[in-house]
Amino acid sequence: MLKFQNKIIVITGSGTGIGKAIAMKFAENGANIVILGRRKEPLEEAAKELEQVISKVKSNSFVKIFPGVDVSDEEGVSKMFEDLKKSHGAVDIVVNNAGVSGPVTCFANAPISEFKSTVGIHLTGTFWTSSQAIKTMKPGSKIVTISTFFTEERPYEQRPYRFRSPYTASQGAKNRLAEAMSWEITDKKIISIATNPGPVHSDRIYKTVYPKAAAEFMRVSGFESLSPEEVESVNVDILPLLGEDEKTVKDGIANAAAKLARSKSITSESDIQKLVGTISALLAKIQQIAEKVQNNTSKMIADEQFLTQQQVAETVLMLSDDNISQILNGKVIPGDRVFYPVKPHIACSIPETQGNFSKITVFALDATDESDVVRAEFLAQKIESSGGKTVILISKTSPKVAEERLSKFHSHVMDLTNQESVKRMLNTATQKVGPIGNIIYITGKVPQVGKLVDLSRKGWDELVDKFINTPAIFMQESLGIFVPGGAKNPPLFKGKEGNMIIIGPDMPGGKTTGADRARVEVFRGALRPFATTVNQELSDVLKSKLRMYLVLPGSVDGIEPSNENTVKAVNYLTSGKAVNNAEIIYYPDETRS
């Protein structure tokens, strides 16, 4: 009998690439295969190949496809599992593989709609697929989640991935979600494991990620006679030309040059030919940088080889083994072999210093309970007693007590999830109160929601908005205040100063369980790689003195967070003394070094 005979395996994003390779490997081992994805044609082609494998191994297994199912779509995923339960009974293994590249650009230039979409597919897609699968699973079933090594493998080791802020945020949270689920479904005897395979040979990495990253380097500074905005416009037309035949490339460049010429009202044939030469050189430079990025990554691997998709499939098959999965339940397996130079982005020790509050400090408060309001009040009082001025923007979802207690400050209740409203209020604060020097976003605590896997989709989406999407909106609009027009004209960032600090969510205080801490870590796990990635862009790429910091109160020991310690962190981070340090994430209440 084949190893996975009679087992039902659901693999997301399985029409092509790694997902298809995983499906083939399970089919070789006798499994019934369920594949799904947004595009029908690749799924149908994959199904034909899977049927051939099934015929070859004589397993009498079935293949079922669900085309048009986006893992971030609530109804599509829920209906799929309902259909499977009615037609085939329990699902044995779910492999969370679906993913997208997301925007490959500096965070300041990444549309928030694309940010949310990337988080929706990688993180929410994993959550919703898993939570719906659990309803159809029996003891001994497994959830295997594929994430990435370019994020955080452990809460104290960050690997920023410049130009990929929504990707790193969702992947960091996904690692921690796999851990949290293992705590929450242990009573059902269902296993949750994640694996970080590292660099894998794929069209996505060669034709999308590396070239887009190279193109972003070109956009940041402009290229020859092209402005950053013109480079961005041209890149849309020329990136698809990489790897094409000579005639296709030549015609594509000519079309891009003609299009740019029209936008610049250039009619001279000689000037158009100059644009052709410039765009040809730009494409060649992008290809050169993309190949260099690939080569540099391979040099950090002992044998200089990326994994094959089949090797990743073998890993997933191994992790699905009954004995091995029990041993590794709740673990994030660091399968990558990249010896990546990691800077010490995280610190617990905070020097005593006085903050610089000569310019306005703007608070954004998304309070969960009164203790969050007390923290905002305490911080604002300390800043004003030091001679600073504060403006407090209170989320309309905060407890009513927030408006009452903070009325003594310049405060306003608003919808923090509305990007246009945030932009308008920050501009109004600048015009009516004064130039802004510091922006502090207080996320509030993670509410006591019980098990994450039992949440409704609405409940989950509210948490993702509260701790990931809304802070991203506010931080992006903060960059717009510090560097007006910088999103489209990156050289404007050079030398600019300002501090953006996200505070929270807190580690739960008092007597806590591993499950309590793991739930909070899902959202801290999004903010850590997000902050380090954006900070790397601000410092290394954009050459600014703007910084995004993250302060995470509380401790793993259950010690209650100290607002005095948080003030100490804010003082240091606004003093100007932290700007040249690699550490941008602080645990003010932790005692370990």
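The values are calculated or read from the model by the stated rules, or taken from the named source; none is laboratory data. Note that this is a predicted model, so its numbers are computed, not measured. No Cβ is skipped: glycine too gets one built from the backbone with ideal geometry, and neighbour counts run over all protein chains shown.
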TODO: Answer yes or no: is there a residue in region 37-55 that is touching a residue at least 24 places away in the same chain (Cβ under 8 Å), closer than 20 Å to residue 123 by Cα and crowded, with 22+ Cβ neighbours inside 10 Å.
DONE: yes
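Okay, residues lined up against (1) assigned by TED's automatic domain parsing to the domain that holds residue 376; (2) in a helix (DSSP H, G or I); (3) over 23 Å from the mean Cα position of the chain (by Cα):
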residue: 470; (1), (2), (3): yes, yes, no
residue: 473; (1), (2), (3): yes, yes, no
residue: 477; (1), (2), (3): yes, yes, no
residue: 484; (1), (2), (3): yes, no, yes
residue: 487; (1), (2), (3): yes, no, no
residue: 509; (1), (2), (3): yes, no, yes
Task: Count - residues of region 232-249 that are among the charged types (D, E, K, R), loosely packed, with under 14 Cβ neighbours inside 10 Å and either in a helix (DSSP H, G or I) or in the same structural domain as residue 487 (by TED's automatic domain parsing) (or both) - done: 2
TODO: Determine whether residue 497 is of a type in the set (Asp, Glu), closer than 26 Å to residue 176 by Cβ and either touching a residue at least 12 places away in the same chain (Cβ under 8 Å) or in the same structural domain as residue 192 (by TED's automatic domain parsing) (or both).
DONE: no
TODO: Please tell me if residue 194 is crowded, with 22+ Cβ neighbours inside 10 Å, in contact with a helix residue (DSSP H, G or I) (Cβ under 7 Å, 6 or more places away or on another chain) and assigned to a helix (DSSP H, G or I).
DONE: no
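Could you run through region 562-593 and say how many residues are part of a loop (DSSP other than H, G, I, E, B) and crowded, with 22+ Cβ neighbours inside 10 Å?
Qualifying residue count, region 562-593: 4.
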Open item on the list: Among the listed residues 583, 564, 560, identify the single one that is within 28 Å of residue 465 (Cβ to Cβ) and either among the charged types (D, E, K, R) or in the same structural domain as residue 149 (by TED's automatic domain parsing) (or both).
Closed with: 560
- [ ] Specify the residue that is modelled with the highest pLDDT; the eligible residues are those in region 1-30 that are among the aliphatic types (A, V, I, L, M), out of contact with any Leu (no Cβ under 8 Å at 6 or more places or on another chain) and more than 23 Å from residue 72 (Cβ to Cβ).
- [x] 2
- [ ] Tell me which residues, restricted to region 63-82, are crowded, with 16+ Cβ neighbours inside 10 Å, part of a loop (DSSP other than H, G, I, E, B) and more than 21 Å from the chain's Cα centre (by Cα).
- [x] 69
